[in-house]
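Worksheet: one structure, shown below.
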Amino acid sequence: FDAVANSVGDVARHRHGCCVIQRCLDSPPSTARSNLVHRIVEKSLELMQDAYGNYVVQYVLDVCSDEDVHAVCESVVGKVTLLAIQKFSSNVMEKCLERCTDKVRELYLAELSDSERIRELMMDPFGNYVIQRALAVSTHAQAVQLVEAMKPHLLSSTGGGIKNTAGGRRILAKISKRFPNFSLGDEFGENTTLQKSGHKKNGNNRHDNTMSGDQASARFNRRGQGKSDEFNDQHKRLDNSRHGRTEEKIGQWDRV
């Protein structure tokens, strides 16, 4: 334990070393284990941005005491938006949102709802998952605050079309799940809920693409008549050709 604790920064960044640390954390509580956890918590901000180190920090959040979990969650306050858009630390941020105290989560949501950063988070391939997690675990008031911050970007037709991106669609689905009667708001030109709008649009498409029985029958008859006329024309041309060749042969015999 002491050897691992003294070099925890290097060991946690190794593909096999991170597994060794996880097995150490599975051991019963002891002074040596507590020392190792303390060293991990000290370097948690650095480790959560590493390809292997982030798994060690997530494991601390899963199996360690509430005190250790709180220390990790508190260490990222003020850096939430920066960590949310990184591939490895975004996974840790999602878990922090789940395990943190209500007070710390309030600070997280205040950062995520920042009007100057929210669009970047929504467009980011990793940040949008952190936003989705925040919508799932936040209180009603916190979720409303976050949705209000996102609403102008979801409605803007000149803002990069966020609601038409994969991340934007996932966020809209999460909002609709949290708030089934969610509406983007009349002041933005949207008068219906997302779900009703979607069904109406699909219904119109089905109506436009469906023919009545009479229309289908008439269309079939027109096709059949066209093919029949084409068949008769071919036979007429063939008969005329044969008739011309016969007259030519008779004329030759007459000349002979």
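The values are calculated or read from the model by the stated rules, or taken from the named source; none is laboratory data. What you see is a predicted model; the values in this text were computed from it and never measured. Cβ placement follows ideal geometry from the backbone for every residue including glycine, while neighbour counts extend to all protein chains displayed. Accessible surface areas use protein heavy atoms only, side chains included; no ligands, DNA or RNA. Shrake-Rupley method; radii C 1.70, N 1.55, O 1.52, S 1.80 Å.
Residues in the stretch 106-120 that are of a type in the set (D, E, K, R), in a helix (DSSP H, G or I) and closer than 24 Å to Gly168 by Cβ: how many?
Going through the stretch 106-120 one residue at a time, the tally reaches 3.
If you scan the stretch 158-193, which residues turn out to be modelled with pLDDT under 80, among the charged types (D, E, K, R) and more than 20 Å from Phe126 (Cβ to Cβ)?
Within the stretch 158-193, Asp186, Glu187, Glu190 qualify.
For the stretch 24-49: of the residues being in a helix (DSSP H, G or I) and farther than 17 Å from Leu61 by Cβ, which is most open to solvent (accessible area, probe 1.4 Å)?
Once the filter is applied, the top-ranked residue is Thr31.
How about the stretch 127-136: which of its residues are open to solvent by less than 70 Å² (accessible area, probe 1.4 Å) and over 14 Å from Ala110 (Cα atoms)?
The answer is Gly127, Asn128, Gln132, Ala136.
In contact (Cβ under 8 Å) with a residue 12 or more places away in the chain and surrounded by fewer than 18 Cβ atoms within 10 Å (Cβ to Cβ) - does that describe any residue in the stretch 88-96?
Within the stretch 88-96, none of the residues are in contact (Cβ under 8 Å) with a residue 12 or more places away in the chain and surrounded by fewer than 18 Cβ atoms within 10 Å (Cβ to Cβ).
So that you can scan it fast, the table gives a plain yes or no per residue for (1) acidic (Asp, Glu); (2) under 25 Å from Tyr108 (Cβ atoms); (3) touching a Cys at 6+ places or on another chain (Cβ under 8 Å):
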| site | (1), (2), (3) |
| --- | --- |
| Val8 | no, no, no |
| Val20 | no, no, no |
| Ile40 | no, yes, no |
| Leu45 | no, yes, no |
| Tyr59 | no, yes, no |
| Asp66 | yes, yes, no |
| Ala71 | no, yes, no |
